[in-house]
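Everything below concerns the one structure shown next.
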Amino acid sequence: MSARGRNGPHGPGRPDFDDDDDDDWGDFGGERDDLTDVPDGVRLQKVLAAAGVGSRRHCEELIGAGRVEVDGQTVRRFGARVDPERQVIRVDGKRIPSRQDVVYLAFNKPAKVLTAMSDDRGRRTITDFLGDRGAAGTGSAGGERLFHVGRLDYDTEGLMLLTNDGELAHRLAHPSYEVAKTYLADVPGPVPRDLGRRLATGIELEDGVAVADRFRVLEQAGSRALVEITLHEGRKHIVRRMLAEVGHPVSRLVRTTVGPVKLGNLRPGATRDLTTKEIGELYAAVGL
């Protein structure tokens with residue numbers, strides 16, 4: 001488990017930013033950056049370690065090697081103090097999740113679950129699977145609301161991202177950033193050899209042309225087939241409508257990836273914290 005998931009004095013799953021003077025090694029190799037320390041800030045290596053980058057010693061090595069940036073400036077000083085709530089910190093060019101109050105979750109949505117935090121008709125919603133994190137539609141960190149990134153149809157299963165990082169959620173869901181999503185679909189077979197080409201060329205729907213980025217047949221057995229389709233747009237029922245239009249209506253649909261995040265072996269109804277690497281890659285995918 002990454003350092004983001006450990007229990008600290010701030011509560012379960014919260015980074016431990018308690019500061020002390022026991023490991024301030026001073027300047028590395030005599031080099032200094034010109035970053036002005038943040039009054040009452042936290043030592044940079046402690047922020048990196050709390051974010052799950054690695055042990056504090058490893059983080060100090062990264063700083064000394066010039067692989068860490070704060071607000072665009074390379075920092076080589078172990079004792080540099082930063083504000084993890086406000087400053088943007090990157091390692092090897094990838095932004096890290098430095099704020100204490102932000103939650104990033106992967107959720108495997110079962111079928112017959114509404115993509116919402118509540119429902120006045122009494123149907124099961126995402127909140128029913130979040131435990132304390134979903135109480136009253138809020139996140140466990142700082143009582144902030146969790147946003148579901150985009151939607152999955154009521155009957156569609158698979159990967160959803162949940163976060164209280166509103167800017168990231170907005171960008172991931174916005175079509176202009178073209179974050180790719182991959183689905184597995186059970187459809188009637190046999191699947192013609194040219195179907196992938198037709199989907200990549202574009203399928204005319206009532207609200208415009210829909211294009212698949214990638215398509216492949218994974219299995220065929222008798223009158224059923226399992227196919228994989230990747231696309232970067234999120235119009236309502238888009239995968240089901242595309243495949244129905246070409247004569248292969250979907251009987252079961254599972255989303256397996258959102259950008260760099262994979263569903264993997266996460267069981268239906270379960271959640272997990274995203275890794276530091278996954279969060280950094282999501283930031284990069286939407287230009288944050």
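The values are calculated or read from the model by the stated rules, or taken from the named source; none is laboratory data. This is a predicted model, so every value here is computed, not measured. Cβ atoms come from the backbone with ideal geometry, glycine included; neighbour counts cover every protein chain shown.
Just a few scattered comments:
- Matching residues, the range 233-244, being crowded, with 16+ Cβ neighbours inside 10 Å and at pLDDT 95 or above: VAL239, ARG240, ARG241, MET242, LEU243
- Residue that is assigned to a loop (DSSP other than H, G, I, E, B), of a type in the set (Lys, Arg) and more than 17 Å from the chain's Cα centre (by Cα), where the choices are ARG235, ARG216: ARG235
- Search result, residues across the range 160-173 that are in contact (Cβ under 8 Å) with a residue 40 or more places away in the chain and surrounded by fewer than 17 Cβ atoms within 10 Å (Cβ to Cβ): GLU167
- Qualifying residue in the range 262-278 (condition: among the β-branched types (Val, Ile, Thr) and out of contact with any strand residue (DSSP E or B) (no Cβ under 7 Å at 6 or more places or on another chain)): yes
- Given (1) modelled with pLDDT under 90; (2) among the hydroxyl-bearing types (Ser, Thr, Tyr); (3) not in a helix (DSSP H, G or I), number of the condition TYR154 does not satisfy: (1)
- Residues (within 21 Å of VAL261 (Cβ to Cβ) and touching a Leu at 6+ places or on another chain (Cβ under 6 Å)) located in the range 216-238: LEU218, GLU228
- Qualifying residue in the range 157-170 (condition: at pLDDT 85 or above, over 18 Å from the mean Cα position of the chain (by Cα) and of a type in the set (S, T, N, Q)): no
- Condition check for LEU266: of a type in the set (A, V, I, L, M) and buried (at least 19 other Cβ atoms within 10 Å of the Cβ): no
- Contact annotation: residue pairs with Cβ atoms under 7 Å, 6 or more positions apart or on different chains, pairing a residue in the range 98-118 that is on the phi > 0 side of the Ramachandran plot and in a loop (DSSP other than H, G, I, E, B) with a partner that is surrounded by fewer than 21 Cβ atoms within 10 Å (Cβ to Cβ) and not β-branched (Val, Ile, Thr), are LYS112/ARG124; LYS112/TYR154; LYS112/ASP155.
Yes/no matrix, rows are residues, columns are (1) over 26 Å from the mean Cα position of the chain (by Cα); (2) among the basic types (Lys, Arg); (3) assigned to a loop (DSSP other than H, G, I, E, B):
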residue	(1), (2), (3)
PRO192	yes, no, yes
ARG197	yes, yes, no
GLU204	yes, no, no
VAL209	yes, no, no
ALA244	yes, no, no
GLY264	no, no, yes
PRO268	no, no, yes
LEU282	no, no, no
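- Taking the range 55-83 as the range and being part of a strand (DSSP E or B) and over 18 Å from THR276 (Cα atoms) as the test, the residues that pass are GLN73, THR74, ARG77, ARG81, VAL82.
- Selection count, the range 186-243, where residues are farther than 21 Å from LEU152 by Cα and among the aromatic types (Phe, Trp, Tyr): 0
- Test set (1) over 21 Å from GLY202 (Cα atoms); (2) part of a strand (DSSP E or B); (3) not charged (D, E, K, R) - VAL227 fails condition number: (1)
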